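All of the numbers you see were taken from the coordinates with simple rules; none came from a lab. Nothing here was measured: the structure is a model prediction, and the numbers come from that model. So basically every Cβ, Gly included, is an ideal-geometry build from the backbone, and we count neighbours across all protein chains shown.
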Amino acid sequence: MRILIKHVSAILFVSICLQTATAEQVSISLEELTDKVRGGWAGQMIGVSYGAPTEFRYLNRIIPEEDLPEWQPEMIREALNQDDLYVDITFAAVLDEHGLDATTNDFGAMFRDTEFALWHANLAARRALRRGVPGDLSGTPMYNIHANDIDFQIEADFVGLMTPGLPQEANTIGLRAGRVMNYGDGIFGGLFVSGMYAAAFFEDDPRAIVEAGLAALPTESSYAHVIADLLLWSQNNPDDWRKAWYLLEGKWNGNEVCPSGAHHPFNIDAKLNGAYVALGLLYGEGDFEKTMLISTRAGQDSDCNPSSAVGILGVVLGYEGIPNKYTAGFAAMADEKFNYTPYSFNDIVESTVTRAIALIERTGGSVAGEVVNIETQEPQQAAMEAWEDYGSLKEEIAFEDDRWKWSGDWERTGIMLWGSERISNISNANGSAAEIRFEGTGASVTGILLPHGGQAEVWLDGELHRTIDVYPDETMAKARESIWHAFGLEDKRHDLRIVVLGETYGESTGSDISITGLQVFE
């Protein structure tokens, strides 16, 4: 199978030439398989630790090389407290507990009961799960405005690392797990990454690896179009990754629905950041450091993206092939547990190999002594789904705008978060109300999720639409979040009214409602 990229009327699309799919048996020593799994986990840890100081500090711009950190062996400990790792590993634990057939609801039940810090699609999914939404719906746009965000993409490594040469199995597992927090392109990001991992066990050409990841996606998806564009642009500009980066920015960096990204340079969209992963692989030429630097310098989620890129390359190289400069710190921490998990680096490597062997045997392969025989699979496209009918952002109406009408007891309040003051209107008085009229087909009320957050009713066009709460289920406040959203509305004037109930929710320590503004879509 080869992926051919064509250009017709300025629209790029992918034509996948399907050949008769026959399973090809390949053999690999158990030692080499383990080394590649170890290299994949190590690469993921190195990439996220290296990029952590620059994460979301460079938006819509390339990170200057002089602003990158100088690697030190002790930096690897940063990985123990990274959500990229502890969520990834916790999902892997579901398969260890429930077996290879673990369901979406199994993954959802685990996720619902976790206590670690989360953001974006992960946070929205866990809040939905704790409020009774089933796991197969918690990632959908109805409950999760972050459905297209990067979350599953940065947590799908565990899938790819247990599916060597088995991309169809990677899609099967990925669709079950990713459904918990994402939908459409948000899930496809995880399939793209896990498909590249699956290919990396037996392929050392980075371009072929990116093509293999692309082959797991429906060709009509926006995610597939982004990667197809990048493959063409990298082919036309083989020596200039910056040129490809600028082309990506010009065509694909926009129309964010994530509350933090709409009308702002921040972009946590899965497909744009996934393209930065592929950018590093395509221009890194198989060199570990070069691949990591390019994926980092692309900006935005500049710890997650190099984590995925050199995680995949770590499988190609194996742990022993990663430069010693980056692995020197592992011996001192290889048996320390990742935060919120019972797994160490050595534990997760062993666990992953065990699951990989079980899956290999289930799919017709075998283990003979120290030799593993794998009946490899051709990639197959996942079924198409998309959330793109939210339209485009029309305007953002801050709470200070005169179009907002406030009644009752509201106070303009500042809260310090991540080194800056976040200001909103806050009330906990029963009956206090905020009203606004807008014209559009969708809207999102933004606010701050508060450890002392309470409940409110949301009335749309004179009817009770939903009762909400602004409790994050964490002790940490979360700014620029959607506290209510609705899309697919009739394109007309709408009246929105938010009424404070003065009631706590769950383990919240108060009953405050925070409002920062309204984002209107058309």
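Here the Karplus curve 6.51 cos²θ - 1.76 cosθ + 1.60, taken at θ = phi - 60°, turns the phi angles of the stretch 263-274 into couplings of 6, 9, x, 4, 9, 10, 4, 5, 5, 5, 5, x Hz, with x standing for Gly and Pro.
Sorting Ser424, Ser138 from the fewest to the most surrounding beta carbons within 10 angstrom yields Ser424, Ser138.
In terms of its C-alpha gyration tensor, the stretch 2-376 comes out rounded, because the ratio a/c of the largest to the smallest axis stays below 1.5.
Mean projected area of the Cα convex hull of the stretch 290-406, taken over all directions, amounts to 14.9 nm². At an R0 of 56 angstrom, the distance between the Cβ atoms of Leu30 and His263 translates into a FRET efficiency of 0.60. Listed values for the stretch 291-298 are Karplus-derived 3J(HN,Hα) couplings in whole Hz (6.51 cos²θ - 1.76 cosθ + 1.60, θ = phi - 60°), namely 4, 5, 5, 5, 5, 6, 5, 5, and x replaces Gly and Pro.
Using R0 = 35 Å, the C-beta based FRET efficiency linking Lys251 and Leu489 works out to 0.80. Expressed in units of 2.2 N^0.38 Å, where N is the residue count, the Cα radius of gyration of the stretch 393-521 is 0.99. For the stretch 449-522, the Kirkwood hydrodynamic radius comes to 13.1 Å, computed from all pairs of different C-alpha atoms. Scanning residues 5 or more positions from Ile483 or on other chains, those with amide H under 5 Å from its amide H are Val445, Thr446, Gly447, with H placed 1.01 Å from N in the peptide plane. Sorted fewest first by neighbouring Cβ atoms within 10 angstrom, Leu393, Leu30, Leu450 come out as Leu30, Leu393, Leu450.
Compactness of the stretch 50-122 is given as radius of gyration and Dmax, 16.6, 47 Å, from Cα positions.
Taking 0.36 nm per residue of separation and subtracting the Cα-Cα distance, full extension of the segment from Ser392 to Glu74 would add 110.0 nm.
Using the rule -39500 (n - 2.57) for each DSSP H run of four or more residues, divided by the residues of the chain, the 222 nm mean residue ellipticity is -11000 deg cm²/dmol. A Förster radius of 51 Å, combined with the Cβ-Cβ distance separating Asp402 from Lys290, puts the computed FRET efficiency at roughly 0.45. Per the Cα gyration tensor, the stretch 238-314 maps to an equivalent ellipsoid with semi-axes of 22, 14, 8 Å, ordered largest to smallest.
Going by neighbour counts of Cβ atoms within 10 Å, the residues Cys258, Cys304 line up, fewest first, as Cys258, Cys304. At full extension, Glu115 and Glu522 could sit 142.8 nm farther apart than now, given 0.36 nm per residue minus the alpha carbon distance. Can you list the residues of the stretch 252-296 with backbone N under 13 Å from a point 7 Å past the Cα of Glu65, pointing along Cα to Cβ? Under 13 Å, as judged by backbone N against the label point of Glu65, lie 290-291, 293-294 of the stretch 252-296. Computed extension gain for Glu463 through Glu220, at 0.36 nm per residue and net of the alpha carbon distance, reaches 83.7 nm.
Sorted on the mean count of surrounding Cβ atoms within 10 Å across their residues, most packed first, peptides 460-469, 201-210, 216-225 read 216-225, 201-210, 460-469. Axis angle, to the nearest 10 degrees, between helix 167-178 and the longest C-alpha principal axis of the chain: 20 degrees. From the Cα gyration tensor of the stretch 81-144, with a ≥ b ≥ c the square roots of its eigenvalues, which class applies: rounded if a/c is under 1.5, or else prolate if a/b is larger than b/c, or else oblate? Here the stretch 81-144 falls in the oblate category.
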